[in-house]
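K.L.:
Quick one: the structure is below, and I'll ask about it shortly.
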Amino acid sequence: MTAGFWALVGLGAGLGALLAYAALWLAVPDNPLTGRLLEILPGYNCGACGSPGCSGYAENLAAGTAALDLCRPGGQAVRQKIAEILGQIAPAAEEKHAAVIFCRGGVRALDAYAYSGRETCAAAALVQGGHKKCRWACLGFGDCVRACAFGAITLGEEGLPVIDADKCLDCGVCLKTCPRAVIRRAPRRALRLAACSNHDAGKAARSVCSAACIACGLCVKACPYQAIALQENLAVVDPKKCTNCGVCVEKCPTKVLV
């Protein structure tokens, strides 16, 4: 063996020892709260909290760098347990929500051109904003379906996502996935919703989709409880006033109230 060889061996051993010492010296001691927090989190690893999975959220909670009410799938029960472990007061329970598709277009929304690229909503949105004439319409390639970790979304026959509210845990991942922002949170107790996102009025809205809200105001006039108002050319239902009488559904000429 040459002197150069042994010099390299010695150098490698020295560097290895130095790295081992640095690892011990720089190591951050485990926070005992992390394990306890991880045990009570649901384990969905959905990312709704903004952390890389439940373990990341547990670490951030233990370090005091995350709010204790970010786990929407866990609900109030998990928030209460987190608060108990951290010695804090749990925030008041919020109204339960679920994801809702605010679009009735699908096959009823006209195409501006024939799209032949990669069949994802994200890719389609990069080509002139999408192939639908309605610039608010669902593009129908099911990015939200693939993003949902709970199997709560399927793609219906009419080219629109269908959300099973019983399976939806309100994680919000599908909202972040949709390039057209037609998926939004809505109170589970909401009885009627105008499932449309088109802010054009009348003829302009109808010219791109036969299922668009045309801001005619018939539902507003017909509602005996003043539960509906027009906002930016869209019918908006106040769930606190709505009694599910169904009058607005009968009056709506495009059937966007669902």
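K.L.:
Where residues in the stretch 125-167 are under 27 Å from G50 (Cβ atoms) and in contact with a Phe, Trp or Tyr (Cβ under 7 Å, 6 or more places away or on another chain), which of them is modelled with the lowest pLDDT?
P.N.:
Only one residue tops the list, namely A149.
K.L.:
Go through the stretch 201-230 and count every residue that is over 18 Å from R135 (Cβ atoms) and not hydroxyl-bearing (S, T, Y).
P.N.:
Here the count works out to 14.
K.L.:
Same structure again: Can you find a residue that is in contact with a Phe, Trp or Tyr (Cβ under 8 Å, 6 or more places away or on another chain) and either of a type in the set (A, V, I, L, M) or closer than 26 Å to E95 by Cα (or both) anywhere in the stretch 220-241?
P.N.:
Looking through the stretch 220-241, at least one residue is in contact with a Phe, Trp or Tyr (Cβ under 8 Å, 6 or more places away or on another chain) and either of a type in the set (A, V, I, L, M) or closer than 26 Å to E95 by Cα (or both).
K.L.:
If you don't mind, there's one more thing I want to ask. Sort out for me the helices (runs of 4 or more DSSP H) sitting completely within the stretch 161-258 that have 1 or more residues that are under 26 Å from the mean Cα position of the chain (by Cα) and within 21 Å of F141 (Cβ to Cβ).
P.N.:
Of the helices (runs of 4 or more DSSP H) lying wholly inside the stretch 161-258, those with at least 1 residues that are under 26 Å from the mean Cα position of the chain (by Cα) and within 21 Å of F141 (Cβ to Cβ) span 173-177.
K.L.:
Based on this model, can you work out whether R188 counts as out of contact with any helix residue (DSSP H, G or I) (no Cβ under 8 Å at 6 or more places or on another chain) and closer than 18 Å to R72 by Cα?
P.N.:
yes
K.L.:
When you check A20 against the structure, is it farther than 30 Å from R135 by Cβ, out of contact with any Gly (no Cβ under 6 Å at 6 or more places or on another chain), crowded, with 18+ Cβ neighbours inside 10 Å and at pLDDT below 95, yes or no?
P.N.:
So A20 fails the test.
K.L.:
Take the stretch 83-108 and flag every residue that is in contact (Cβ under 8 Å) with a residue 24 or more places away in the chain and over 23 Å from the mean Cα position of the chain (by Cα).
P.N.:
Scanning the stretch 83-108 gives I85, L86, V107, R108.
The values are calculated or read from the model by the stated rules, or taken from the named source; none is laboratory data. Computed from a predicted structure; not experimentally measured. Methodologically, a virtual Cβ is constructed for each residue, glycine included, from the backbone with ideal geometry; neighbour enumeration extends over all protein chains shown.
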